[in-house]
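Everything below concerns the one structure shown next.
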Amino acid sequence: MPSGFRHTDRSFFERDVLEVAPDLLGCLLRRSGADGTVAIRITEVEAYAGERDPGAHSYRGKTARNATIFGPAGHIYCYFSYGLHYAINLVTTGVGKPYGCLVRAGRVVEGEELARIRRQSRRRSPVSERDLARGPGRVAQAFAVTLADDGDDLFGGEWEFRIPDAPRITPAIGPRVGVSGVAGDGAEFPWRFWVPGDPTVSAYRPAKSRRPVPG
């Protein structure tokens, strides 16, 4: 277990998503399984706020696909993004409040070799340390996440979540990546938070002509 982190409880997530999101920066997300353990220090997140956020999966209500984000805080909401890769959100607030934070990027601080093996499986060229968990699809791949992990508890089972001993990070703030329409407007929805200057933070890209990125 990496040093410099301490336990917290579910109440950390039982707050509004815009309170939780910046506080996630610098936190430890860790998963252990039969093949080993991988942990990241979170460096970039995006907040999504259900019925008040047209960029969110849950904006139009509950479905079989997004049911987990309507559940209790402190769970993993996993989805398959654009038929390309998995992505994970950390559910916040509480039952019936479909809010969550997309984990966009992190620095691998434990299990680097295992994360590299998982990431390398779909590549011919070597994966740099910077890119092991740089971008939401890479985060999910480093953790070997699939839809089978949707609903996993961060406070039980294979997952662990810890907060840093260090003081709270002052985040950089801006528009969410790849979100279309008003939900992608950085003035209206400056809901992307990242560690300033950290090389693992993903590159900003505006939306293409397709449906909004879910959260």
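So here's what we get for this one:
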read-out	value
Residues within the stretch 1-51 that are of a type in the set (D, E, K, R), in contact with a Lys or Arg (Cβ under 7 Å, 6 or more places away or on another chain) and modelled with pLDDT under 95, tallied	0
Candidate set from the stretch 52-72 (those that are touching a Gly at 6+ places or on another chain (Cβ under 6 Å) and polar (S, T, N, Q)); member that is modelled with the lowest pLDDT	Ser58
Filtered residues of the stretch 1-10 (kept if open to solvent by 60 Å² or more (accessible area, probe 1.4 Å) and over 11 Å from Val109 (Cα atoms))	Arg6, His7, Asp9, Arg10
Selection count where residues are more than 19 Å from Gly26 (Cβ to Cβ), open to solvent by less than 10 Å² (accessible area, probe 1.4 Å) and of a type in the set (Val, Ile, Thr), scope the stretch 70-128	3
Residue within the stretch 16-39 that is closer than 30 Å to Arg116 by Cα, in a loop (DSSP other than H, G, I, E, B), open to solvent by 40 Å² or more (accessible area, probe 1.4 Å) and hydrophobic (A, V, I, L, M, F, W, C) present	yes
Residue among Pro212, Pro136 that alone is at pLDDT below 95 and buried (at least 18 other Cβ atoms within 10 Å of the Cβ)	Pro212
Condition check for Pro164: modelled with pLDDT under 95 and in contact with a Gly (Cβ under 7 Å, 6 or more places away or on another chain)	no
Residue list for the stretch 101-122, restricted to those being in contact (Cβ under 8 Å) with a residue 24 or more places away in the chain and part of a loop (DSSP other than H, G, I, E, B)	Gly111
Which numbered condition Val45 misses (of (1) touching a helix residue (DSSP H, G or I) at 6+ places or on another chain (Cβ under 7 Å); (2) open to solvent by 60 Å² or more (accessible area, probe 1.4 Å); (3) closer than 14 Å to Ile88 by Cα; (4) not aromatic (Phe, Trp, Tyr))	(2)
Any hit, the stretch 93-100, residues being in a helix (DSSP H, G or I), in contact (Cβ under 8 Å) with a residue 40 or more places away in the chain and under 24 Å from Ala144 (Cβ atoms)	no
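Okay, residues lined up against (1) in contact with a Gly (Cβ under 6 Å, 6 or more places away or on another chain); (2) open to solvent by less than 40 Å² (accessible area, probe 1.4 Å); (3) not aliphatic (A, V, I, L, M); (4) not in a loop (DSSP other than H, G, I, E, B):
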{"position": "Val145", "(1), (2), (3), (4)": "no, yes, no, no"}
{"position": "Phe155", "(1), (2), (3), (4)": "yes, no, yes, no"}
{"position": "Thr170", "(1), (2), (3), (4)": "no, no, yes, no"}
{"position": "Val177", "(1), (2), (3), (4)": "no, yes, no, no"}
{"position": "Ala183", "(1), (2), (3), (4)": "yes, yes, no, yes"}
{"position": "Gly186", "(1), (2), (3), (4)": "yes, yes, yes, no"}
{"position": "Phe189", "(1), (2), (3), (4)": "no, yes, yes, no"}
{"position": "Phe193", "(1), (2), (3), (4)": "no, yes, yes, yes"}
{"position": "Tyr204", "(1), (2), (3), (4)": "no, no, yes, no"}
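The values are calculated or read from the model by the stated rules, or taken from the named source; none is laboratory data. All of these numbers come straight from a predicted model, not from anything done at the bench. Neighbour counts run over all protein chains shown; Cβ positions are idealised from the backbone, glycine included. Quick note on the areas: whole protein, heavy atoms, side chains included, nothing else; ligands and nucleic acids left out. Shrake-Rupley method; radii C 1.70, N 1.55, O 1.52, S 1.80 Å.
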